[in-house]
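Below: one structure, written as structure tokens.
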2 protein chains.
Amino acid sequence: MKIAVLGTGGGARAHAARLVGLGHEVFVGTRDPEATLARSEPDMMGNVPYGQWLAGHPGITLTSFGDAAAAADELVINGIDGHSAVAALTATAGPLTGRTLIDYAVPYVYRHRSEHPWPTPWGVMPKLDPCDTDSLGEQIQRALPGVKVVKSFVTQEQATVVDPRSVGGGDHTMFVAGDHADAKQRTTGLLESYGWTDVLDLGPLVCARGMEMYAHMHSAIGFGLGQRFGGHFGIKVVR
Amino acid sequence: MKIAVLGTGGGARAHAARLVGLGHEVFVGTRDPEATLARSEPDMMGNVPYGQWLAGHPGITLTSFGDAAAAADELVINGIDGHSAVAALTATAGPLTGRTLIDYAVPYVYRHRSEHPWPTPWGVMPKLDPCDTDSLGEQIQRALPGVKVVKSFVTQEQATVVDPRSVGGGDHTMFVAGDHADAKQRTTGLLESYGWTDVLDLGPLVCARGMEMYAHMHSAIGFGLGQRFGGHFGIKVVR
């Protein structure tokens, strides 16, 4: 399949690399491909420059947000940070129309660790906006009514989302929520191809609130396990 | 041990009954014991009148908040609803001083289902206050600096907290957070006596934010499983 991944951060890279490994044609969208390739410094999360990373990952096409979305058969993964997602996606509304957009962003009010209110430990999440009575997933769906938004992936690090068997042999739970049954089915199919065996449909997109707010708990669990960054664990719904 | 349970709702009843079953002397605190016993209608959550319930549960002493707290050797379980907890506990500060207070309340801004903004489905939680940048657990600790507050129990229904083996043979995870190591140790000991084998210390009380905000996710998972009220499931941290 032709699949688009919007964004060039660590999570987006994990998905792009995994999708190529599964035999898909992957189109990565960025705001300005030339500027992305011109960067020679690690990005704000410490990832190597994208051009350098891309050279080691053949089979990925780097292009604009719009061209990547237009190239996708059905599935578009939103790896744009929560702070920028609504604006960037709204500007890409045309080519996204009719497609399934899987969103895993957390709506932090900051964009960079240096904006984080130290000495609060990393892991106690900074403020979320929206929170509690709305969610980023719902905001994106309202801004792009012609797109089928599915909230998923957000309850784990993306490294374990694309490789669930690396945690407890894969016996943990991934969640989907959204207002479009066919889009949730496609997302579940993608997750199963990643190796997921327990995908729980939480229901309508309003459940994105709980999934995004779980960021605090995810972070606290990581700290409780002594994993400061990039927690390597999952949660299993035991029933 | 002499253990106090503050509150007469369904969760508080589950703890009181279980503690008596484990051989403890249980003192249940309520605002006005005579008024509690005089009630002849089910409470706002549909539980049978407390006097009727108490008649079937010998070994429990019903008294005031203050007398119950004063009677406890060490452990006090806060089963007062989140809406009322800070005020009621502040009024009980004297006898609580020096004791371990285990708090499982969620700070909903409503007190009764009828106050819930229908037709939003039950299960999509109403507004939390505080949320995100503060928690009820931290509010209680600030209001009662002489008390050792532990946030726990809040990530499950109390029926499964007191009987973890009823879900998946008990192979799921309970969490504690707080700023007093000895109080967390006592809480963990109590949980182990309930049957818990995986109690994860998340760290300082600031982690109560994630535990309380998990209420949305807990509710959504219950819906996803087709369990509208009183969800019977747990979550296991797989690592």
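On the principal axes of its alpha-carbon atoms, segment B:124-239 has extents of 41, 34, 26 Å, going from largest to smallest.
For the options B:Val28, B:Val199, B:Val176, a Gaussian network treatment of chain B with springs between C-alpha atoms closer than 10 Å singles out B:Val199 as fluctuating the most. Can you work out the FRET efficiency for the pair A:Lys127 and B:Asp171, with r the C-beta to C-beta distance and R0 = 30 Å, to the nearest 0.05? Once rounded, the FRET efficiency stands at 0.30.
Counting Lys +1, Arg +1, Asp -1, Glu -1, what net charge surrounds A:Gly10 among other residues with beta carbon under 12 Å of its beta carbon?
Details: positive: A:Arg13; negative: A:Asp43, A:Asp81, A:Glu157.
Within the 12 Å Cβ shell, the charges total -2.
Compute the FRET efficiency between B:Glu34 and B:Gln185 as 1/(1 + (r/R0)^6), taking r as their Cβ-Cβ distance and R0 = 45 Å, and round to the nearest 0.05. Show your work: numbers first, answer last.
Details: r = 37 Å, r/R0 = 0.83.
It comes out at approximately 0.75.
Would you kindly give the portion of the calculated P(r) for segment B:153-196 that falls above 13 Å, as a percent of all Cα pairs? Summing the P(r) tail past 13 Å for segment B:153-196 gives 52 percent. Couplings for segment B:70-81, taken from phi via the Karplus curve 6.51 cos²θ - 1.76 cosθ + 1.60 with θ = phi - 60°, read 5, 6, 6, 5, 9, 8, 10, 9, 8, x, 7, 4 Hz in order; Gly and Pro are left as x. Distances between copies of A:Asp198, taken at a point 7 Å out from Cα along the Cα→Cβ vector and listed shortest first: 0.8 nm.
Rounded to two decimals, what is Rg over Rh for segment B:1-117 when you use alpha-carbon atoms and the Kirkwood radius? Before the final figure, lay out the partial values.
Numbers: Rg = 13.6 Å, Rh = 14.3 Å.
Radius of gyration relative to Kirkwood radius: 0.95.
Mean separation of Cα pairs under 8 Å and 6 or more residues apart, divided by the residue count, gives segment B:2-224 a relative contact order of 19 percent. If the Kirkwood radius is taken over C-alpha pairs of segment A:179-239, then at 37 °C and 0.692 mPa s the Stokes-Einstein diffusion coefficient equals 243 µm²/s.
Determine one quarter of the surface area of the Cα convex hull of segment B:2-224, which equals its mean projected area, and express it in nm² to one decimal. All intermediate terms of the calculation are to be shown ahead of the outcome.
Details: hull surface 46.4 nm².
For segment B:2-224, averaging the hull's shadow over all directions gives 11.6 nm².
Amide H contacts under 5 Å for A:Ile77: A:Ala4, A:Val5, A:Leu6, A:Ile102, restricted to partners 5 or more places along the chain or on a different chain, H placed in the peptide plane at 1.01 Å from N. Stretching B:Ala87 away from B:Thr63 to a fully extended chain increases their span by 6.8 nm, per 0.36 nm per residue minus the current alpha-carbon distance. So if R0 is 60 Å, what FRET efficiency would A:Val20 and B:Ala55 give, r being the distance between their Cβ atoms, rounded to the nearest 0.05? Result of the calculation: an efficiency of 0.35.
Here the protein assembly as shown has an Rg and Dmax of 24.0, 77 Å, counting Cα atoms alone. For the options B:Leu37, B:Leu19, B:Leu191, a Gaussian network treatment of chain B with springs between C-alpha atoms closer than 10 Å singles out B:Leu37 as fluctuating the most. Evaluating 6.51 cos²θ - 1.76 cosθ + 1.60 at θ = phi - 60° for every residue in segment B:11-17, the Karplus couplings come out as x, 4, 4, 4, 5, 4, 5 Hz, glycine and proline recorded as x.
Read the figures in this text as sums done on the coordinates, not as results from a lab. Since the structure is predicted, the reported quantities are computational estimates derived from the model, not experimental observations. Neighbour counts run over all protein chains shown; Cβ positions are idealised from the backbone, glycine included.
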